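S.K.: Pasting in a structure now, in structure tokens, and then I'll have a few things to ask.
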Ligand code: HT7
Ligand code: ZN
């Protein structure tokens, strides 16, 4: 289909001042009455054109008069009403069928017909599946919503804004009205109706507003909402303290559902959450999941200002709200836990998910210039790279300058729909700076490479660091411009001390760490008063989303792995060393780097002062996906074998030290959630994996005992994973027991499916096929599909990339089935083919054939899936 272009953006010809909705809710047929108070926007004469999809129009009135068929035009994408004037009121009545809506956009049913509840998902363009409207983010309207339904079947009725009355109706029906005083775009609309329970808490904002915080969930889940409510309160206080942002309604409602395409949705005053990111209990939730829940609750809450109060002019600006909100969440999570660990986790995610996207056929700018299907742009680039861009800006301005900038952004644009330029301008104006050069970061796709060359001159005691940048071409962008790249650097002396940094021309040294601004294709920075050839520590804290290409020797990397004062860079030095070890193992070459890696880690293993969670990360080599990115022609089996060499060598080197360390950690096991207990569990999981390699008999026995007596899900799942991944005899029995124990617990079963889907074995496809026959599996539930199919296709390179191509053809068939049910889930799953062009020739041919077979059916596929396919094959 024809792409939508950023350059085609035009302000809307019409505005809507007020949307009044009356919804008669029912599972099979809901009736939506909409009353739109219309205004012409500017002097143009364009007829009124409203968006609408899949709606059965029952009646249409303009200014109180029923329209005749010739007075309006209906087509598959909307409704045209030529007679509408400035100040007109248009009333429509449409019918929608929630139970038939398997795409989970618009109004749909979550759960079984008999007991499930109704809810909506409108971002990005779901509101047009509920009623005819101007479904674009730059049309902001005030909403009054009245919900009516059978009281016994739908006792709880919710919509955005403040409650404004409720009451009984004849025939066992009831009503509830909500008024949202804040003008909002249609994508933030939401309603919920069903049998739900809730927990609540009173909250008073820093400005003194009393707010009822409520979380709604089905009866079997309401007992698992307490942790999320605590997290919400922490997020609200943090936003008041750090950004001066207060909440602005009398209620803040959150609803949990198991049927959701994404993680959660920030609808104004009525957030809707995938249960996976809301429900928590000690028996079924891992430490990682507790942290995720806190992060997602905070993310959605933070949207109230970055996204809702100040929203996006158009969908090209998506990262304006998402990148900024991810950055805010990352800062919050860092403050709630360990900043160094959080940085390591976030950079890992970026490298695992965004770097491959930036290097493949689906590469796009953080602010793309065009799209065919906007649902396909909720990507790691828009979210995670977008957050890195905000982080660079925040770093450039410093904490106070960034706060001045965001204060001005909120003050200037409250209630508006704006652009990335508006954001950069506000940050810049508040600080007397021109930040527009950073716009290129938003417009240019691809991950910049930064190359460092160094020359030390003993005679002048000077050290010249020459930095060059280069961004490889990406689809549609052959030429790249140099970007402003802030590189935080330090210089180590050989005794592990940091050297004072003084650049040529400066009067005195300015600290031991500083930011070099690389703005040209190549620049030289000359440090003076450098007493010895230093060891550079570049890109500290991952100060820019780039790849630093360096020829750092294994010994120097090992030195930094042991001595780095920057937690992220210490981890990164270890990852680089592991990469060198991997490269050598892949070529069958000498193991200098491998030995250096193992020796450095063995020394750190005995370092009692080192944080246990950081040690666990240091002991983990890069994932197979990341390592595969290093190969010009990818053979996933060879990558796996080479990575196994790293793992086994490390296990052998740590050898006898593993079991006592495991026992010491296990002896302290408890179910508490404090940071120290979480860190111990994280290290124990890693040590257990290594123990299963070094001494399978003892490792399996320990894992079995841990599984049987686990205090919580973190230990239980870690033990199960160790048994399953190391092929233990006990694995089958443990899996069966887990399956029985958690029968009926959807979130716990998702972990069971995911774990098995990721076992790297030639027989993985048969295993996945068998799991699809499990009675708990269904293609209708996105969480289940992601747990099994995405874990397999994207998290199991050895199992999925079979040389015979069987898994490719199999996945293509599943994509066809899924596309008929839920196009956006099918499209997301299809991105598993992202790296197909870099596969070695045999697999590449198979993948191409499988994709081509699907592409041949493009006219029968959804726009979502066809768009991914077309770009993947281009
Ligand atoms: N802003 C939310 C995006 C979202 C979404 C987008 C497309 C289809 C379904 C969706 N559900 C939620 C999520 C967020 O970033 O907060
Ligand atoms: Zn978001």
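The values are calculated or read from the model by the stated rules, or taken from the named source; none is laboratory data. Please read these numbers as outputs of a predicted model, since none were measured by experiment. Every residue, glycine among them, receives a Cβ derived from its backbone with ideal geometry; neighbour counts consider all protein chains shown.
S.K.: Looking at segment 329-356 only, could you name the residues that are within 16 Å of ligand 1 (Cβ to nearest atom) and surrounded by fewer than 20 Cβ atoms within 10 Å (Cβ to Cβ)?
M.R.: 349, 353, listed by residue number.
S.K.: Could I ask something else about it? Looking at (1) over 18 Å from residue 795 (Cα atoms); (2) touching a helix residue (DSSP H, G or I) at 6+ places or on another chain (Cβ under 6 Å); (3) surrounded by 20 or more Cβ atoms within 10 Å (Cβ to Cβ), can you tell me which one residue 710 breaks?
M.R.: Exception for residue 710: condition (3).
S.K.: So which pairs qualify, if the first residue must be in segment 309-338 and at positive phi, the second must be part of a loop (DSSP other than H, G, I, E, B) and within 14 Å of ligand 1 (Cβ to nearest atom), the Cβ gap must be under 9 Å, and the two must be at least 6 apart or on different chains?
M.R.: Between residues of segment 309-338 that are at positive phi and residues that are part of a loop (DSSP other than H, G, I, E, B) and within 14 Å of ligand 1 (Cβ to nearest atom), there is no close pair.
S.K.: Further, regarding this structure: If we scan segment 382-392, do we find a residue that is over 18 Å from residue 312 (Cα atoms), at pLDDT 95 or above and in contact with a strand residue (DSSP E or B) (Cβ under 7 Å, 6 or more places away or on another chain)?
M.R.: yes
S.K.: Take residue 334 and decide whether it is more than 15 Å from ligand 2 (Cβ to nearest atom), touching a helix residue (DSSP H, G or I) at 6+ places or on another chain (Cβ under 6 Å) and within 20 Å of residue 430 (Cβ to Cβ). Walk me through it before giving the result.
M.R.: On the way: more than 15 Å from ligand 2 (Cβ to nearest atom): yes; touching a helix residue (DSSP H, G or I) at 6+ places or on another chain (Cβ under 6 Å): yes; within 20 Å of residue 430 (Cβ to Cβ): no.
No; evaluated as a whole, the condition is false for this residue.
S.K.: Which pairs turn up if I take residues in segment 45-63 that are in contact (Cβ under 8 Å) with a residue 40 or more places away in the chain and look for partners that are part of a loop (DSSP other than H, G, I, E, B) and exposed (fewer than 14 other Cβ atoms within 10 Å of the Cβ) with beta carbon separation below 7 Å, at least 6 apart in sequence or on another chain?
M.R.: The qualifying pairs are 51/77; 53/77.
S.K.: Follow-up question, since we're still on this one. Inspect all residues belonging to segment 162-178 and state whether any of them is crowded, with 24+ Cβ neighbours inside 10 Å, within 28 Å of residue 233 (Cβ to Cβ) and either more than 16 Å from ligand 1 (Cβ to nearest atom) or within 28 Å of the chain's Cα centre (by Cα) (or both).
M.R.: In the first step, residues of segment 162-178 are kept if they are crowded, with 24+ Cβ neighbours inside 10 Å; the result is 178.
In the following step, the residues that additionally are within 28 Å of residue 233 (Cβ to Cβ) were identified as 178.
Checking the rest, the ones that are also either more than 16 Å from ligand 1 (Cβ to nearest atom) or within 28 Å of the chain's Cα centre (by Cα) (or both) come to 178.
Looking for residues that are crowded, with 24+ Cβ neighbours inside 10 Å, within 28 Å of residue 233 (Cβ to Cβ) and either more than 16 Å from ligand 1 (Cβ to nearest atom) or within 28 Å of the chain's Cα centre (by Cα) (or both), one finds at least one in segment 162-178, hence yes.
S.K.: While we're on this one: So residue 228 passes all but one of these: (1) over 28 Å from residue 415 (Cα atoms); (2) not in a helix (DSSP H, G or I). Which condition number does it fail?
M.R.: All conditions are met except number (2).
S.K.: Consider residue 567 carefully, then state whether it is farther than 25 Å from residue 831 by Cβ, under 31 Å from the mean Cα position of the chain (by Cα), buried (at least 20 other Cβ atoms within 10 Å of the Cβ) and without any contact (Cβ under 8 Å) to a residue 60 or more places away in the chain. First the steps, then the outcome.
M.R.: Numbers: farther than 25 Å from residue 831 by Cβ: yes; under 31 Å from the mean Cα position of the chain (by Cα): yes; buried (at least 20 other Cβ atoms within 10 Å of the Cβ): yes; without any contact (Cβ under 8 Å) to a residue 60 or more places away in the chain: no.
No; evaluated as a whole, the condition is false for this residue.
S.K.: Checking residue 540 against (1) over 16 Å from residue 487 (Cβ atoms); (2) in contact with a helix residue (DSSP H, G or I) (Cβ under 8 Å, 6 or more places away or on another chain); (3) part of a loop (DSSP other than H, G, I, E, B); (4) touching a residue at least 12 places away in the same chain (Cβ under 8 Å), only one condition comes out false. Which one?
M.R.: For residue 540, the exception is condition (1).
S.K.: Going by the conditions given, is residue 295 out of contact with any strand residue (DSSP E or B) (no Cβ under 8 Å at 6 or more places or on another chain) and within 12 Å of ligand 2 (Cβ to nearest atom)?
M.R.: Working: out of contact with any strand residue (DSSP E or B) (no Cβ under 8 Å at 6 or more places or on another chain): yes; within 12 Å of ligand 2 (Cβ to nearest atom): yes.
Spelling it out, residue 295 is indeed out of contact with any strand residue (DSSP E or B) (no Cβ under 8 Å at 6 or more places or on another chain) and within 12 Å of ligand 2 (Cβ to nearest atom).
S.K.: Continuing with this model, one more query. Let me spell it out: the conditions are (1) part of a helix (DSSP H, G or I); (2) at pLDDT below 95, and residue 561 meets all of them except one. Which number is the exception?
M.R.: Only one criterion in (1) part of a helix (DSSP H, G or I); (2) at pLDDT below 95 is unmet by residue 561, namely (2).
S.K.: When you look at residue 281, is it in a helix (DSSP H, G or I) and in contact (Cβ under 8 Å) with a residue 24 or more places away in the chain, yes or no? Spell out how you get there, then give the answer.
M.R.: Working: in a helix (DSSP H, G or I): no; in contact (Cβ under 8 Å) with a residue 24 or more places away in the chain: yes.
Answer is no for this residue.
S.K.: Within segment 312-328, take every residue that is away from ligand 2 (no atom under 12 Å from the Cβ) and buried (at least 24 other Cβ atoms within 10 Å of the Cβ) and give me the one that is farthest from residue 387 (Cα to Cα).
M.R.: Within segment 312-328, the subset away from ligand 2 (no atom under 12 Å from the Cβ) is 313-317.
Narrowing the set further to residues that are buried (at least 24 other Cβ atoms within 10 Å of the Cβ) leaves 316-317.
On the way: 316: 16, 317: 13 Å.
Looking at residues that are away from ligand 2 (no atom under 12 Å from the Cβ) and buried (at least 24 other Cβ atoms within 10 Å of the Cβ), I get 316.
S.K.: Looking at 573, 616, 624, which is the one that is under 26 Å from the mean Cα position of the chain (by Cα) and free of Cβ contacts under 8 Å to residues at least 24 places away in the same chain?
M.R.: Details: 616 fails: free of Cβ contacts under 8 Å to residues at least 24 places away in the same chain; 624 fails: free of Cβ contacts under 8 Å to residues at least 24 places away in the same chain.
None of the others qualify; the one that does is 573.
S.K.: Please specify each residue of segment 487-524 satisfying the condition of being within 34 Å of the chain's Cα centre (by Cα), in a loop (DSSP other than H, G, I, E, B) and surrounded by fewer than 16 Cβ atoms within 10 Å (Cβ to Cβ).
M.R.: Within segment 487-524, 519, 520, 521 qualify.
S.K.: Could you tell me whether residue 384 is within 26 Å of residue 829 (Cα to Cα), outside the structural domain of residue 872 (by TED's automatic domain parsing), more than 14 Å from ligand 2 (Cβ to nearest atom) and assigned to a helix (DSSP H, G or I)? Before you say what the answer is, go through the steps one by one.
M.R.: On the way: within 26 Å of residue 829 (Cα to Cα): yes; outside the structural domain of residue 872 (by TED's automatic domain parsing): yes; more than 14 Å from ligand 2 (Cβ to nearest atom): no; assigned to a helix (DSSP H, G or I): yes.
Here the answer is no, as residue 384 does not meet what is asked.
S.K.: Follow-up. Scan 551, 556 and give me the residue that is under 38 Å from the mean Cα position of the chain (by Cα) and part of a loop (DSSP other than H, G, I, E, B).
M.R.: Details: 556 fails: part of a loop (DSSP other than H, G, I, E, B).
Answer to the selection: 551.
S.K.: Next question, about the same structure. Determine if segment 382-396 includes at least one residue that is in contact (Cβ under 8 Å) with a residue 40 or more places away in the chain, crowded, with 21+ Cβ neighbours inside 10 Å, within 16 Å of ligand 1 (Cβ to nearest atom) and within 15 Å of residue 6 (Cβ to Cβ).
M.R.: Yes: segment 382-396 contains one or more residues that are in contact (Cβ under 8 Å) with a residue 40 or more places away in the chain, crowded, with 21+ Cβ neighbours inside 10 Å, within 16 Å of ligand 1 (Cβ to nearest atom) and within 15 Å of residue 6 (Cβ to Cβ).
S.K.: May I pose another question? Any chance segment 36-49 includes a residue that's farther than 22 Å from residue 122 by Cβ and in contact with a helix residue (DSSP H, G or I) (Cβ under 7 Å, 6 or more places away or on another chain)?
M.R.: No, every residue in segment 36-49 fails to be farther than 22 Å from residue 122 by Cβ and in contact with a helix residue (DSSP H, G or I) (Cβ under 7 Å, 6 or more places away or on another chain).
S.K.: Yes or no: segment 358-376 includes at least one residue that is outside any strand (DSSP E or B), more than 16 Å from ligand 1 (Cβ to nearest atom) and more than 25 Å from residue 449 (Cα to Cα).
M.R.: No - not one qualifying residue is present in segment 358-376.
S.K.: Moving on to the next point. In contact with a helix residue (DSSP H, G or I) (Cβ under 6 Å, 6 or more places away or on another chain) and either on the phi > 0 side of the Ramachandran plot or free of Cβ contacts under 8 Å to residues at least 60 places away in the same chain (or both): does that describe residue 736? Walk me through it before giving the result.
M.R.: Details: in contact with a helix residue (DSSP H, G or I) (Cβ under 6 Å, 6 or more places away or on another chain): no; either on the phi > 0 side of the Ramachandran plot or free of Cβ contacts under 8 Å to residues at least 60 places away in the same chain (or both): yes.
When the stated conditions are applied, residue 736 does not pass them.
S.K.: Going through segment 284-307 one residue at a time, which ones are more than 11 Å from residue 228 (Cβ to Cβ) and near ligand 1 (Cβ under 10 Å from one of its atoms)?
M.R.: 299, 302, 303, 307 - these are the residues of segment 284-307 that are more than 11 Å from residue 228 (Cβ to Cβ) and near ligand 1 (Cβ under 10 Å from one of its atoms).
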